[in-house]
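Please read the structure below before turning to the comments.
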Amino acid sequence: MYNIYLKPQQILDIRTSYKWRNKKSIWAKTVGEGNFKLRKVTLKDEVEWFKKIKKNKNRKNLSIFLENNKLIGNIYFTNILNKKAEFHIVIGNKNYWNRGLGYKSTKLSLTYASVNFNINKFYLFVKKNNKYATLLYKKIGFKIVKYDSKEIIKMAYKLI
């Protein structure tokens, strides 16, 4: 069993995580399919992106670490407004897929967001064909609120 912890994303973290942006296998099942289709994302691109989003008051980025300080993923809370935020997660290190870390990270991050950012309502978008993610979100308590298209499902969750 793996123990994890979260911390606010730092510029040092993106030296690892920027590499995930160019891996089609990581982004294939996500709604935000990454920029790899247009061109390879460089560390310089990621540093510029990080500096830009760091100024955004309606966004919080977290890094997911194993207890041995190994970075394995990221969580983003975007479009924060009135105690509500859009939720994003990526386990970028594929060696840790299918080990329950997406579930554990999501549960921990929702509580973290509530305590640290005063957010208690969350929503997300998931591809309909991403059955594993949909089941994970349902297990946590997210409910399907709408089908945005034939391919995209919107789900929502409220912490009590």
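The values are calculated or read from the model by the stated rules, or taken from the named source; none is laboratory data. Just so it is clear, the model here is predicted, and its values are computed rather than measured. Note: ideal-geometry Cβ built from the backbone for every residue, glycine included; neighbour counts use all protein chains shown. For accessibility, only protein heavy atoms count, side chains too; no ligands or nucleic acids. Shrake-Rupley method; radii C 1.70, N 1.55, O 1.52, S 1.80 Å.
What is the distance in Å between the Cα centres of segment 91-160 and segment 1-33? Each part's Cα centre sits 15 Å from the other's. Rounded to the nearest 20, the Cβ-based charge dipole of the chain about its Cα centre (Lys and Arg +1, Asp and Glu -1) stands at 280 debye. Only protein atoms count toward the accessible area here, which uses a 1.4 Å probe; on the chain, the carbon and sulfur part of that area reaches 51 percent.
Sort 60-72, 129-141 by the packing proxy (mean of other Cβ within 10 Å over each peptide's residues), most packed first. Don't skip to the answer; put the middle values down first.
On the way: 60-72: 17.7, 129-141: 14.9.
Highest mean packing first, the order is 60-72, 129-141.
Normalising the Debye intensity of the chain to I(0), with uniform scatterers on Cα atoms only, and taking log10 at q = 0.11, 0.14, 0.18, 0.21 Å⁻¹ returns -0.42, -0.71, -1.25, -1.68. Helical content of the chain, expressed as a calculated mean residue ellipticity at 222 nm, amounts to -8500 deg cm²/dmol (DSSP H runs of 4 or more residues, -39,500 (n - 2.57) each, divided by residue number, nearest 500).
Give me the dipole magnitude in Debye, nearest 20, for segment 121-160 about the Cα centre, with unit charges on the beta carbon: positive for Lys and Arg, negative for Asp and Glu.
Values: 11 positive and 2 negative charges, 20 e Å.
That gives a dipole near 100 debye.
Just checking the listed ones, Lys143, Lys57, Lys23: in the Gaussian network model of the chain with Cα springs under 10 Å, the one fluctuating most is Lys57.
Can you flag which of Lys51/Lys138; Lys44/Lys131; Lys40/Lys143; Lys60/Lys138; Lys40/Lys70; Lys7/Lys154 are past 32 Å Cα-Cα?
Values: Lys51/Lys138 34 Å; Lys44/Lys131 34 Å; Lys40/Lys143 35 Å; Lys60/Lys138 23 Å; Lys40/Lys70 24 Å; Lys7/Lys154 27 Å.
With Cα atoms farther than 32 Å apart: Lys51/Lys138; Lys44/Lys131; Lys40/Lys143.
Extending 7 Å from Cα along the Cβ direction at Asn58 and again at Lys128 yields two label points whose distance is 2.9 nm. Each other residue within a Cβ distance under 12 Å of Leu81 adds +1 if Lys or Arg and -1 if Asp or Glu, for a net charge of +4.
Looking at the square roots a ≥ b ≥ c of the eigenvalues of the Cα gyration tensor of segment 4-86, which shape do they give, rounded for a/c under 1.5, prolate if a/b is larger than b/c, or oblate? Because its axes are fairly even, with a/c under 1.5, segment 4-86 counts as rounded. Rolling a 1.4 Å probe over the heavy atoms of the protein chains gives the chain an accessible area of 61 Å² per residue.
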